[in-house]
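Asker: Structure below; questions to follow.
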Amino acid sequence: MVNVFSIPVFFVVFRESLESAIIISVLLGIAKRIANTQSGKGSPLATEDVAKPEKKKQNIESGLPEAPPSPPSCDDASSDQGKRRNLLRKLRLQILIGSTVGLLAAVTIGAAFIAVWFTRTSDLWTNLEELWEGIFSLIASVLIFIVGITMPDMLKTGARWRVKLQEAFEGKDVDVRTEVGKWILLFLPLITVLREGVEAVISVGDVSIGQPATSIPLAAIVGIICGVLIGYIIYAFACRTSLIISVIVTTNLILLVGAGLFSKSIEGFQDYMFNKLLGVEVDDAGGTGPGSYDVRGNVWHLNCCSPETGQGWTIFAAIFGWSNNGSLGTILGYLFYWFAVIVALFALKRRENKARA
């Protein structure tokens with residue numbers, strides 16, 4: 001069994017593919033919800049219906065006969081359906097392009113690191129691993145924050161967002177939020193897949209040392225399939241459940257990932273500074289006991305349950321940002337992320353109430 005299927009490789013690939021699958025599946029669900037939203041109240045398409053009572057009042061005061069309501073046109077309906085399909089295709093294409101570019105860049109960068117390791121005997125990734133992870137995690141957490149706080153509004157007023165995104169793709173002038181929403185569907189999967197892909201390539205090369213080469217392909221393929229399968233389940237859930245449940249579950253899920261990434265980015269920067277202080281890579285010593293972490297500012301530490309052991313804790317690390325080591329920076333960073341989410345959501349809700357008044 002060991003010669004055919006590597007358990008450490010499976011957990012590494014599954015962990016990295018799972019986080020990417022969650023982000024991509026949620027974005028695909030948002031795209032489908034927005035593109036398929038019917039025009040209604042609160043939508044720019046409904047402005048004609050809103051204006052009808054005023055127009056009727058003016059006709060009565062002037063003594064003009066009220067014009068009979070015009071029947072819906074089949075051509076307009078088919079044109080609207082065509083625009084929806086076209087918008088959905090463009091939104092999916094944005095996500096697909098971002099994911100593909102991120103994957104290709106991850107494979108290229110990972111292969112370059114491995115090539116330098118074997119040719120120059122210099123492990124560029126390990127020397128700066130925590131710094132790379134900290135930077136990528138910070139960028140991804142900020143993008144997820146933007147998506148998370150705007151997702152309820154996107155899904156609640158989907159028809160309005162659909163029209164705005166259609167105008168954005170047609171090159172028309174739109175507001176900043178719409179322009180950001182358009183491009184974030186490209187950059188969020190790109191950054192996420194790039195970060196997870198590079199880490200997966202390097203980690204597989206690391207854990208597979210001393211293992212038969214025949215044990216790697218099957219474990220990697222099964223890990224990817226499991227990650228994609230969970231991503232599809234999330235996508236199907238987001239598309240087939242009611243709007244309220246979908247908004248609550250997907251928003252909380254993606255913000256949990258974002259908060260975990262923000263905490264992991266702080267942990268990455270702290271580990272980098274600790275390694276730089278010692279002048280040696282702490283991970284090279286192995287283990288999770290004393291000496292494997294910086295005691296300065298440390299709040300708690302478990303000598304077990306480490307996500308680096310290649311066991312089930314890696315799944316909790318991918319989704320919730322779990323770590324067996326907690327410092328003041330990582331804990332306060334996690335709480336600050338959620339505090340910022342709460343403040344942003346309250347501010348958006350207050351602005352919405354003022355707009356209605």
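Asker: Take segment 217-264, drop everything but the C-alpha atoms, weight them equally and run the Debye formula without solvent; then report log10 I(q)/I(0) at 0.19, 0.27 Å⁻¹ to two decimals.
Answerer: -0.75, -0.92
Asker: Here is a further query. Highest mean first, how do 215-228, 339-352 rank when packing is the count of other Cβ atoms within 10 Å averaged over residues?
Answerer: Details: 215-228: 17.6, 339-352: 12.6.
Ranking the peptides 215-228, 339-352 by packing returns 215-228, 339-352.
Asker: Work out the FRET efficiency for residue 245 and residue 278 from their Cβ-Cβ distance, taking R0 = 45 Å, and round it to the nearest 0.05. Don't jump to the answer; show the numbers that get you there.
Answerer: Numbers: r = 49 Å, r/R0 = 1.08.
Efficiency, rounded to the nearest 0.05: 0.40.
Asker: Hey, can you grab everything whose amide H is under 5 Å from the amide H of residue 322? Only 5+ residues off in sequence or another chain; H modelled, so Pro and N-termini drop out.
Answerer: Amide H neighbours of residue 322, under 5 Å, 5+ apart: 317.
Asker: Quote to one decimal, in nm, the extra length available between residue 237 and residue 81 on full extension: 0.36 nm per residue of separation minus the C-alpha distance between them. Intermediate results must be reported in sequence, preceding the final value.
Answerer: Values: separation 156, 0.36 × 156 = 56.16 nm, distance 2.36 nm.
That pair, residue 237 and residue 81, stretches by 53.8 nm at full extension.
Asker: Using θ = phi - 60° and the Karplus curve 6.51 cos²θ - 1.76 cosθ + 1.60, what whole-Hz ³J(HN,Hα) does each residue of segment 254-260 get, with Gly and Pro shown as x?
Answerer: 6, 6, 4, 4, x, 5, x
Asker: Right, here's the next one. What does the highest-first list of 11-23, 100-112, 129-141, 245-257 look like by mean Cβ count within 10 Å?
Answerer: Numbers: 11-23: 25.2, 100-112: 16.5, 129-141: 21.0, 245-257: 18.7.
Highest to lowest by the protection proxy: 11-23, 129-141, 245-257, 100-112.
Just so you know, all these numbers are worked out from the coordinates, no wet-lab data involved. Given the structure is predicted, the values throughout are model-derived calculations rather than measurements. Because the Cβ atoms are built from the backbone with ideal geometry, glycine has one as well, and the counts that use them run over all protein chains shown.
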